[in-house]
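One structure below.
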Amino acid sequence: MDKKNPDDPPERGPHDAVAGHELEGAPLGATPGGLHVPGTAIDAAIDAAPPPPTRPLRGPTGMALVQALSRMAARGQFADVASRLWQALAPRSFYRAWTLRRDGPRRTEAGDISVALARLPAPPRLSLIMPGPESSGLKPAAWAVAVRRTVDSLTRQIHDNWELWLPADAPTDFQDPRVKRRGAGLPALAQVEGDAVALLSPGDLLPRHALALCVLALAQNPDTQILYTDEEWTDRLGHPLRPVLKPAFDPDLLYGSSGVYPGQLLLMRTALARRALAIGQAPGQLDRYRLLLEAAHLAGRSHIRHMPRVLLRRRRPLPVGGLAALRSFLAAHHPGALAEPVTETDAQGESHTARRVIWPLPEHPPVVSLLMPTRDRLDLLRPCVEAILGETRYPAFELVVMDHETRDPEALEYLEALRDRPGARVIPHRGPFNFADMMNRAAVAAAGEVLVFLNNDMEPQNPDWLRELVSQAVRPDIGAVGAKVLSTTGAIMHGGIVLGLGNGPGAARLAGSRFAGRPGDTVGDLGIGLCAHRVSAVASACMAIRRSCFEAVGGFDADTFPIAFNDVDICLRLEQAGYATLWTPHAVLTALEPYASDRRERVEQERLAFLERWGSAIGHDRGWNPGLSLDGPEDWLALPGLVHGPVTR
């Protein structure tokens, strides 16, 4: 990303039932209407929080819409202009067309799916488990209606080799021999016979190709242990509220969202599910969230795949998993890590709940070096330095200021005084402005085991900001860690970088910050704005990296990216080396000045160099669902494009 150069200043009644044939072959989003009974999770934990609010589907509006239309018209994309206007003026109609084109099944795809299934040597059986009325929080009559709707959708599946297990005392009977009752008192997984298992909630609806696509995906990727898909949330009448388009698997988001992500439809290999069930479950109960935590831990991130297709409809999101389940899991596998609830109230007054994991520091916390370039601009430097030195709560850190030819007398006087303060150093640097080179030189001179790169206008908003960054950075599988950076107006400036997002100067279509320009308390879908989660890159306005990781990839590429994109480049090289990049909302800083590079010619050269090196990754960000637009806010849908087959990532 560009660096700030320090050198320069129709409504139906609830009982209007719909005939079963209306769902035949219909994609989710096709608005079947009719009575839809809410389903809830299987979680037995009594401290589970309610599910998060569901915002209705909406289209682009206001200046965001005007700007997007202007960009498209300037590029001659008039068909896209028409589609965006359609999405803005009639979002539900647009969504029905979007899901029909994107998630089908179209007749040709249904035929291809059937052929592909026939070619499998032994079509696997899928075991589906449904909780009883008591576990679901439903009265028996409502439970029976909801389960019958789910069974109706299962009987229309292209892949018909499935079994549905109901509790022994289930208050309903089905003629289909594939609907079975488990023995009284037996665990849910004790009798299943399938190759893979999924937990469903009463009332869940699956389009007719859902199970077939999952089976084909597992067959194409035999090392996959867990597979999950996108889903759709509906209102009480079954009308679609919005699609839930998820990122590729992220264990940190699993902890933070407490099971709302990855949600459903989710399948796991039966052997894995049985191993996970043996850990941390209370006798006679099935805690879905704890089961998922253990299964994901046993499987490993590389064996968990996401199919970005909407293959399940449910009344509302799963409830947030029990805090006790997360704490128990952390105690068993990550000693010293603590979990606490996080609550945020959005602009509409709705409360959102997530979890924060507080990772432990080593017994002897590492020395941290804060590396900061500056030139003149005492109005920025002084409040930044004083806040860091005076308010940061961390046992061992130093501030290394790289002075790039400061000439202002007052700034020179301040820097001279800074040399005499404990924990601070000033290192002179001469030559053309090259952010990457300055930071590489600062890293060589620094004493810290953890390097934190900071712009000279970063003002921390809480004393534990550095502890949060360091505790994340010292995790063995983490490379770079970025903070939540706000503007002086409280808008988000840095919320984690998405490859291919945005149209800003010098970075058009290459990389952009999630939530940029949105209010600082933006929650986002799945509560992602409240959770530490993995991203492709973070901005070096505030970036922490272990020295060993920094040196392993050769530091910043000062020759190719002296001003722009050096932060994104090093994060992508860290990813290649096996280290994930993480963004945390629990370290918050304010930037006292907007960033803009005035070296447009040089930045354009770096843009072309970035495109040459990382062009194949642009538009394929694992943290961004391909169903979301790269042209606007994170809740815009991508313009409809054909999706065919069991594509996973």
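The values are calculated or read from the model by the stated rules, or taken from the named source; none is laboratory data. Bear in mind that the values here come from a model prediction, so they are computed numbers and not experimental data. We place every Cβ from the backbone using ideal geometry, glycine too, and count neighbours over all the protein chains shown. The area values use the complete protein model at the heavy-atom level, side chains included, leaving out ligands, DNA and RNA. Shrake-Rupley method; radii C 1.70, N 1.55, O 1.52, S 1.80 Å.
For the stretch 358-411, the set of trypsin sites (Lys or Arg not before Pro) satisfying both a DSSP loop assignment and a count of at most 13 other C-beta atoms within 10 Å is given as Arg393, Arg407.
Modelled this way, with points 7 Å down the Cα-to-C-beta line, the labels at Arg382 and Gln605 are 3.7 nm from one another. Taking packing as the residue-averaged number of other Cβ atoms within 10 angstrom, the listed peptides 540-552, 83-95, 233-245 run from highest to lowest as 540-552, 233-245, 83-95. When you count the other C-beta atoms within 10 angstrom of each residue and take the mean per peptide, 450-458, 193-201, 622-630 line up highest first as 450-458, 193-201, 622-630.
Rounded to 0.05, the FRET efficiency of the Gln285 and Val115 pair, given R0 = 35 Å and the Cβ-Cβ distance, is 0.25.
Label the stretch 122-338 by shape, choosing from rounded, prolate and oblate, from the square roots a ≥ b ≥ c of the eigenvalues of the Cα gyration tensor; if a/c is under 1.5 it is rounded, and otherwise prolate applies when a/b is larger than b/c, oblate when it is not. It comes out rounded by the Cα gyration axes. A simple rule links phi to the HN-Hα coupling: the Karplus curve 6.51 cos²θ - 1.76 cosθ + 1.60 with θ = phi - 60°, which for the stretch 258-267 gives 6, x, 4, 10, x, x, 10, 6, 9, 10 Hz, with x for Gly and Pro.
Here the Kirkwood formula puts the hydrodynamic radius of the stretch 368-615 at 18.0 Å, using every distinct Cα pair. Positive contributions from Lys and Arg (+1) and negative ones from Asp and Glu (-1), summed over other residues with Cβ under 14 Å from the Cβ of Leu338, come out at +1. Excluding ligands, DNA and RNA, the accessible surface per residue across the stretch 287-383 is 36 Å² with a 1.4 Å probe. Taking amide H positions as modeled 1.01 Å from N, with prolines and chain starts lacking one, the residues under 5 Å from His533 and 5 or more places away or on another chain are Trp583. Here r is the Cβ-Cβ distance between His333 and His620 and R0 is 35 Å; the resulting FRET efficiency, rounded to 0.05, is 0.70.
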